[in-house]
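Trainee: Take a look at this one; I'll ask things after.
Just so it is clear, none of the values below were taken in a lab; they were calculated from the coordinates. Note that the coordinates shown come from a computational prediction; the quantities given were computed from them, not determined experimentally. No Cβ is skipped: glycine too gets one built from the backbone with ideal geometry, and neighbour counts run over all protein chains shown.
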Amino acid sequence: MADSGVTDGPNKKDEIERVKSEGKDLTKEEKQRLRKEKKQQKKNKEKKDDKASQESEKEKKSATSAAPASQPPTQLPAQKAPSAVPAPAPVPVPASEAPAPADKPAKSKAELKAERRARQEAERASKQGKKGEVGQQAPQGKSKAPPSELQPVVKRLPEHIQVDNPDVLKKLAKKLERQQTPGYNAATKIPLRSDYGYKVSLFSHLHQYSRKAPLTQQLSIPSTVIHPAIVQLGLQYSQGIVAGSNARSVALLHAFKQVIRDYTTPPNEELSRDLVNKLKPYISFLNQCRPLSASMGNAIKYIKKEISNIPSQCKEEEAKSKLLNCIDCYINEKIVLAAKAIAKYSIEKISDGDVILVYGCSSLVNHILCEAFEKSRKFRVIVVDSRPRLEGREALRRLVQRGISCTYVLISAVSYILPEVSKVFLGAHALLANGYVMSRVGTSQIALVAKAFNVPVLVCCETYKFCDRVQTDSFVSNELDDPDDLIVTRKGKTQLEDWHQVDSLGLLNLVYDVTPPDFVDLVITDLGMIPCTSVPVVLRVKNVDQ
Amino acid sequence: MELQAVLMAAGGGSRMTDLTYNSPKPMLPVGNKPLMWYPLNLLERVGFEEVIVITTKEVQKMMSTDPKMKLDVKMKLDWVCIQEDGDMGTADALRHIQQKIKTDILVVSCDLITDVALHEVVDLFRAHNATLAMLMSKAHEFTETVPGQKGKKKTGNQRDFVGVDQSGKRLLFMANEADLEDGLSIRKSIMRKHPRMHIKTGLVDAHLYCLKKAVVDFLTENKSISSIRGELVPYLVRKQFSKTTNSQKNKDDAEDQNQKKNDGSTNHELLISSRDETLLQLAQDRSCWNDHHGDMSEAYHGGKLRCYVHIMDQGLCYRVNTLAAYIEANRLAPKLFEEPAVHPSAVISERCQMGSDSIIGAQCQVADKTSIKRSTIGHSTIIKEKVKVTNSIIMHGVIIEEGCNIQGSVICSNAVISRGADLKYCLVGNGQRIEPESEANTHPYIHKHTHILYIYVYIYIYI
């Protein structure tokens, strides 16, 4: 759910989409109108047969003129005008009767515009009720829409980046209510986690939670609504005990295995449908604890697909063991073996005497470096770290434990240390469809500085982290961590202790940022070493396979 | 199911025999509710639906016949009766109900009155996959004078030394002063792993424990452990740093090696691994989190057995196991529930002065010109005219006749205080009768077997 919304793309693309849809709308409306007219004509058959034939000719004309209107992608209002003119012509029977063709469009245009507007409003309202679209598009075009609402370019925005819209929040609350398993009363719904503290206005559309207010506060203690393994997982996510894209996915699949083991099909239900419904509230719960990562999203899609593909005549035990097997295979292929393959490719890129720069703690990059060291490559590592997470300490510990000689700097010293560096290895949280790399905040800085120094930047990423989203900036979709993490106590003094009292002060703790493909020289995946721009190709191939 | 609640209500109340010789400790009225109601209410509030109650037959009878209790407690209570002789410790009781236990358990003592946010303790248990999670609270000074107490307050004999790590959550060391004859000694392995340890002495153990199911299975194998607090918890805390539970290979000192031989045989039961141990290990390996920084070991130092403690600094937490605690609890317990201070069925005349912090139970009759301040009056009590009751606890069915003056006292059930008696800081036992016009000024304690006026006068020395 978090991944499927199409966000800001290039403007032209969206215009084309809009025109096409509106063109379709118009023809649909046309068709509806035609049907109505035919009914009316059947009623008035004995009265005016001639007019019917006249109208049918005009309808054909208007149908043909409306059709080309949908095809050319440009000149939006121009297209609308000619399509608008012949459209009113066939509509009401009395209007098309007597007056001259010049007068006809003038009179009927005004009347029929009003009628059409009313009809379109009704249809729009019904569509909105079904689809829940936020952005509305007046079919008559922007130029003719003074009373209508603001028209955002995007068709549908995912909920998690619309936190400042109260309607969306209400919808989310209702959805959480609806998602409780049937048979429980309203008091046992999934709780809604409330935001904490002042949010910087540029990021007010995102959630910001406090670690001191865990979601378990609002749940009953022997958790009956949500499986205990999922509650444990949610706690571990929100407290940061399980952090890192791979770790989160593995832990998620482990918890799902426990859920599947404890699952029993209720009578009159099918496992393939009921289990997916059971998983939905768990996923909402985990989303509330910490927004899902791209890798987790892909893993969930895979599991849901596997569950729905179980044949209905399969016995429960068989089905369960099959699912558990699938999960094990997925982890083995996509994470463990992928890491081995990536390590194999990367070792070719590491030569003796290299000075490799890594940022933060990426499990994959650490794995690669340890493997390379075991294969007796001689290199040294520079670990760059940043506040507030200071994950580099953990990477440093793991590398030094193996015997690799390391240097440790903070990100503010990166331009000082870069002349020594021969290669930069970065890990990724997700690879977006337009080739951008989403990773820990600070990665794009490192890539930028490395580019300025002409140091090659290699990104290591498994294919299961590739995601359909398209993003060019770090603002639209990101994660806000607990702002209290930025507060530090030195020599017994905590300067930011009362930051809530200062009205104009906001603390921002971003988690991710996106790096443009211009800064990335190579992406090493389990399918091989590809340039950043080949990501959509891989996605396409993956979709075809599935 | 995630957690099963077990309520230990078979304790004898050995430290307040004055009150418990007649009525069992779980049924002592605190704020006009039986003591056992408070932990049950806590469990009900957080969402438990079933509780296993381990108690004596007497208590079970009393609880099931009390109509008020049936309305108040909506959970399903699974009564397990054990013998009253008192040889069974809390761990023995757990062993007794081992068949009923299917998941991890939450053990609560019947004398705990607290408003803790229970999720804090259980979250530690869940998030870190701990073997033990317990609750402790900063001890509060008891300010009320205690009737019948002789000599100075006992100071240091029963101190508990609790060692926690820097975050204040991980339990590193626990010992009672009575067990430490030569002084406090801490193993080197603990110091190596946790160089900064905070040792606290002013803590009250709330006797609320989350234990893994494996611990209950371990208890069935080891019949030598009989008390949870006294033996099991210190054992588990020590076991965290035992050599065989760790995957690290350090040089042992001789002491550790001996310990290893002794403990080795009993270790494996505690570490029953889950079915997907490899997956959990993989997740932990890939995760970039560590609970400590500065040395080369992985998260939790590779130890599988972990004990956590949640230390409350604000809020109520009392263990009613002494008379002083009982009196303090009576003052503060009414804050925990929102029932009206005066029960609707009580008949109180208009010319009576009642303070807002007093509680009057059901079917009381309070006559004119009485003054009741900072007191708790039990149900079915009759208070006649011109009586002054201050700072006292009066239990059920007591008759106080005209002109009495009761201050700072505890009057147990069914006692009769005759006309004009003047009691200050006294404790009147069950069914006692105080003669008219008697004056007991300092701290007499009237015991049941003294039929008429056998008053022990103790002079209370303030130090």
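Trainee: Once phi is turned into ³J(HN,Hα) by the Karplus curve 6.51 cos²θ - 1.76 cosθ + 1.60 with θ = phi - 60°, what whole-Hz value does each residue of the range B:287-294 show in order, with x for glycine and proline?
Mentor: My calculation for the range B:287-294 gives 7, 9, 10, 9, 7, 9, 10, x Hz in order.
Trainee: Using alpha-carbon positions, what is the distance between the centroids of the range A:227-303 and the range B:15-62, in Å?
Mentor: 40
Trainee: While we're here: Cβ under 14 Å from residue B:125's Cβ, residue B:125 left aside: what net charge do those residues give with Lys, Arg +1 and Asp, Glu -1?
Mentor: On the way: positive: B:126, B:169, B:170, B:212, B:213, B:306; negative: B:2, B:104, B:120, B:123.
Taking every other residue near residue B:125 into account, the sum is +2.
Trainee: As an exercise, use a Förster radius of 56 Å and the Cβ-Cβ distance of residue A:518 and residue A:121 to find the FRET efficiency, rounded to the nearest 0.05. Could you put the intermediate results ahead of the total?
Mentor: Numbers: r = 46 Å, r/R0 = 0.82.
Step by step, r from the Cβ atoms, then E = 0.75.
Trainee: Follow-up question, since we're still on this one. Among A:529, A:543, A:488, which residue has its Cα furthest toward the positive end of the charge dipole of the range A:485-546, with +1 on Lys/Arg Cβ and -1 on Asp/Glu Cβ?
Mentor: Farthest towards the positive end: A:488.
Trainee: With a Förster radius of 51 Å, plug the Cβ-Cβ distance of residue A:113 and residue A:308 into 1/(1 + (r/R0)^6) and report the FRET value to the nearest 0.05. Before the final figure, lay out each step's value.
Mentor: Details: r = 47 Å, r/R0 = 0.91.
The formula returns an efficiency of 0.65 here.
Trainee: Hey, another quick one. Pulled fully out, how much extra length does the chain show between residue B:399 and residue B:57, if you take 0.36 nm times their separation in residues and subtract their Cα-Cα distance?
Mentor: Numbers: separation 342, 0.36 × 342 = 123.12 nm, distance 2.94 nm.
The residue B:399-residue B:57 span can extend by a further 120.2 nm.
Trainee: Could I have the simple spin-label model distance between residue B:227 and residue B:188, label points 7 Å from Cα toward Cβ, reported in nm to one decimal?
Mentor: 3.3
Trainee: Once the other residues with Cβ under 10 Å from the Cβ of residue B:59 are scored (Lys, Arg +1; Asp, Glu -1), what is the net sum?
Mentor: The answer is +1.
Trainee: Another question, if that's okay. Can you tell me the Rg and the Dmax, both Å, for the Cα atoms in the range A:383-483?
Mentor: In order Rg, Dmax, the Cα atoms of the range A:383-483 give 14.6, 41 Å.
Trainee: What distance in nm separates the simple spin-label points at residue B:45 and residue B:1, each placed 7 Å from Cα in the Cβ direction?
Mentor: According to this spin-label approximation, the distance is 2.4 nm.
Trainee: Any idea how far apart residue A:175 and residue A:217 come out in nm if each label point goes 7 Å out from Cα toward Cβ?
Mentor: Distance between label points: 2.4 nm.
Trainee: Sticking with this one: Would you please give the residues with an amide H less than 5 Å from that of residue B:52, counting only those at least 5 places away or on a separate chain, with H modeled from the backbone geometry?
Mentor: Those lying under 5 Å, H to H, from residue B:52 are B:5, B:6, B:7, B:78.
Trainee: Let me ask something else about it. What's the extension gain from residue A:487 to residue A:224 if we count 0.36 nm per residue and subtract their Cα-Cα distance?
Mentor: Full extension of this stretch gives 91.0 nm more.
Trainee: Which whole-Hz ³J(HN,Hα) couplings does the range A:203-217 yield from phi under the Karplus relation 6.51 cos²θ - 1.76 cosθ + 1.60, θ = phi - 60°, glycine and proline marked x?
Mentor: Per-residue couplings from phi come out as 10, 6, 8, 10, 7, 9, 10, 9, 5, 7, 10, x, 5, 5, 4 Hz.
Trainee: Relative contact order of the range A:208-294, please, whole-number percent, based on alpha carbon pairs below 8 angstrom and at least 6 residues apart. Spell out each step's value before the answer.
Mentor: Values: 47 pairs, mean separation 33.0, N = 87.
With pairs under 8 Å counted, the relative contact order is 38 percent.
Trainee: Oh, and also: Of the listed pairs A:320/B:223; A:493/B:200; A:320/A:542; B:74/B:102; A:174/B:212; A:174/A:334, which have alpha-carbon separations greater than 30 Å here? Walk me through the numbers before you get to the answer.
Mentor: Working: A:320/B:223 39 Å; A:493/B:200 24 Å; A:320/A:542 26 Å; B:74/B:102 22 Å; A:174/B:212 36 Å; A:174/A:334 36 Å.
A:320/B:223; A:174/B:212; A:174/A:334, as the Cα separations exceed 30 Å there.
Trainee: For residue B:174, what residues show an amide H to amide H distance below 5 Å, using hydrogens built from the backbone and excluding near sequence neighbours?
Mentor: B:163
Trainee: ³J(HN,Hα) across the range A:274-280 via Karplus (A = 6.51, B = -1.76, C = 1.60, θ = phi - 60°), whole Hz, x for Gly/Pro?
Mentor: 6, 5, 5, 5, 5, 6, 4
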